[in-house]
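Here is the structure we will look at, set down as structure tokens.
The values are calculated or read from the model by the stated rules, or taken from the named source; none is laboratory data. Everything numeric in this text was worked out from a predicted model, so none of it was measured. Here the Cβ is made from the backbone with ideal geometry for all residues, glycine too, and neighbour counts use every protein chain on show. For accessibility, only protein heavy atoms count, side chains too; no ligands or nucleic acids. Shrake-Rupley method; radii C 1.70, N 1.55, O 1.52, S 1.80 Å.
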Amino acid sequence: MTIPPACPTLLHVVGTRPNFMKVASVMAAVERWNAGCAASEEVSASPARQRLRQVLVHTGQHYDERMSRVFFHDLRLPEPDYYLGVGSGTHAEQTARIMLALEPVVERERPDLVVVVGDVNSTLAAALVAAKLRVPVAHVEAGLRSRDRAMPEELNRLVTDQLADLLFTTSRDADANLAVEGIASDRIFLVGNTMIDTLDAHLPKALEGTVLDGFNLDHADYAVATLHRPSNVDDLGDLERLARALARISERLPVIFPVHARTRANLQRLGLWELVEKRARLILTEPLGYLDFLSLLAQARLVLTDSGGIQEETTVLGVPCLTLRTTTERPVTIWEGTNRLVDPYDEDAVVDAAEAVLAAPAEAAHRPELWDGRAGDRIVSVLAEWLRRGIGVGGHTG
Ligand code: UD1
């Protein structure tokens, strides 16, 4: 759809794998909004709604075919308008490079709002650039807190939320976290979960796929494992304990383990690759695309992970999830869902927790409040109204 240049501009910034599912929901909702505007223009000369123009920036924090390209394809995301190509580096290098490359883009586009999602370095860098140029910032997935400042994502969340003008949350505990940090309630909007919007939109197609056929499983029972947190995979002792736990669980049922680039590099560097590679039923693969991974998750008997988003996806799918961390920023997945925390530094505890899940009856899928596939539409309604009222930056003094 052609959007007149005078329309308000949203500039979305993404950089990593878990960002792509979230922005896909918001961008699709903007398309629906614009289609609704076109319909109302046909019946009224002065329609109440105005169209929104959107610009997509990919920082290039994740750049591999398997960490990035395949997601654009699976999620039918448009080609980014800007690709910053920042690549890997230390946190300071990565954050600084994103800021340096993004600043001229924001100056050129002069968007009415910069939209950031999640908690990665690209999220923080984009929020900082926009706020310093006095461009309002909307943060999707605001307010999540693990209360563990050793997690780089926790620092990114804390700072991004302080910089944001509009904060979109997935759960009431996130609203409460923001209130405690002094953020005015009229800037906080409980809208639901954009990651679940994308899951709902793609699950039927994912289940049509044939990814499972490629793993030659002799029966349908299998587990899926993912690991990438520095706190789990950067230290020899910690990574070895988890590798051993996965190997032991694979004696009970096949474990499909898509290996993140950081984890693969560390397994090889620390001499642990053979430990995992030699196990017949510990099935190592490259990172998978969105549809293939969703299909595997949906049909799994058990998931072991240190990811954030997978805790939410398994809750909605009703698949038991053992989160290999001591904290979670997503407690609603424990209170209401299928998730539980397991001490990743205790090999026996991980194996015992897996045994307990396998011995228990299947769990019911559960949807926390507003995880109904419509978070993106709620976000766009709020954004459009906020832009229409022209509140702009400085609408808050916090
Ligand atoms: C980042 C995010 C994390 C998110 C995760 C999902 C931050 C602080 N962390 O962590 O929140 O859950 O992404 O994957 O932003 N690499 C590749 N190919 C790529 C990207 C990375 O080989 O396309 C390699 C890098 O060279 C590096 C390692 O993977 O050695 C880690 O990448 P990086 O983006 O720094 O952090 P993640 O651990 O992926």
So, with points 7 Å from each Cα along the Cβ direction, the residue 65-residue 185 label distance in nm works out to 5.3 nm
May I ask you to order 174-181, 153-160 by the average number of other C-beta atoms within 10 Å around their residues, highest value first? 153-160, 174-181
Determine the gain in length on full extension of the stretch residue 385-residue 3; use 0.36 nm per residue of separation and subtract their C-alpha separation, reporting nm with one decimal. 135.7 nm
Sequence-separation-based contact order of the chain, relative, with Cα cut under 8 Å and 6+ spacing, percent: 17 percent
To the nearest 0.05, what FRET efficiency results for residue 88 and residue 327 with a Förster distance of 35 Å applied to their C-beta separation? 0.85
Listed highest first by mean packing, meaning other Cβ atoms within 10 Å per residue, what order do 126-139, 30-43 come in? 126-139, 30-43
Name the long-range amide H neighbours of residue 115: under 5 Å, sequence gap of 5 or more, or other chain; modelled H, no Pro or chain starts. 11, 12, 13, 138
Pull out a ≥ b ≥ c, the square roots of the eigenvalues of the alpha-carbon gyration tensor of the chain, then state rounded if a/c is under 1.5, prolate if not and a/b is larger than b/c, and oblate in the remaining case. prolate
Helix-only estimate, please: 222 nm mean residue ellipticity of the chain, summing -39500 (n - 2.57) across DSSP H runs of length 4 or more and dividing by its residues, to the nearest 500. -14000 deg cm²/dmol
Over the Cα atoms of the stretch 175-224, compute the convex hull volume and normalise it per residue, giving Å³. 126 Å³
Between helix 194-208 and the chain, what is the angle of the helix's C-alpha long axis to the longest principal axis, kept within 0 to 90° and rounded to the nearest 10? 60 degrees
Most to least packed among 12-23, 106-117, 261-272 [average Cβ atoms within 10 Å]: 12-23, 106-117, 261-272
Let a ≥ b ≥ c be the square roots of the eigenvalues of the Cα gyration tensor of the stretch 203-359; is it rounded (a/c under 1.5), or, if not, prolate (a/b larger than b/c) or oblate? rounded
To make sure I understand the rule: partners must be aspartates and glutamates, Cα under 13 Å from the Cα of residue 205, and not fewer than 8 residues away in the same chain. Which ones qualify? 74, 292
How large is the dipole of the chain about the Cα centre if only Lys and Arg carry +1 and Asp and Glu carry -1, each at its Cβ, rounded to the nearest 20 debye? 760 debye
Could you give each residue of the stretch 253-268 its phi-based ³J(HN,Hα) in whole Hz, using Karplus coefficients 6.51, -1.76, 1.60 with θ = phi - 60°, and x for Gly or Pro? 7, x, 10, 8, 10, x, 9, 4, 4, 4, 5, 4, 4, 6, 4, 6
Surface per residue (accessible, 1.4 Å probe) for the stretch 203-359, Å²: 38 Å²
Taking a quarter of the surface of the convex hull around the Cα atoms of the stretch 62-179, what do you get in nm²? 7.9 nm²
Extension gain, residue 216 back to residue 172 (0.36 nm per residue minus Cα-Cα distance, nm): 11.6 nm
Inter-part gap, Cα centre of the stretch 140-215 to Cα centre of the stretch 9-44, in whole angstrom, is 18 Å
If I model a spin label at residue 251 and residue 147 as a point 7 Å from the Cα along the Cα→Cβ vector, what separation in nanometres do I get? 3.8 nm
Distance (nanometres) between label positions extended 7 Å along Cα→Cβ at residue 96 and residue 208: 4.9 nm
State the extension gain, in nm to one decimal, for the chain segment bounded by residue 103 and residue 38, taking 0.36 nm per residue of separation less the distance between their alpha-carbons. 20.1 nm
For q = 0.27 Å⁻¹, what log10 I(q)/I(0) does the stretch 196-252 give under the Debye formula with an equal point scatterer on each alpha carbon and no solvent? -1.04
Rounded to whole Hz, the Karplus (6.51, -1.76, 1.60) HN-Hα couplings of the stretch 223-235, x for glycine and proline: 10, 10, 10, 9, 9, 8, 5, x, 5, 9, 10, 8, 9
So the angle from the long Cα axis of helix 121-132 to the longest Cα principal axis of the chain, reported in degrees to the nearest 10, equals 20 degrees
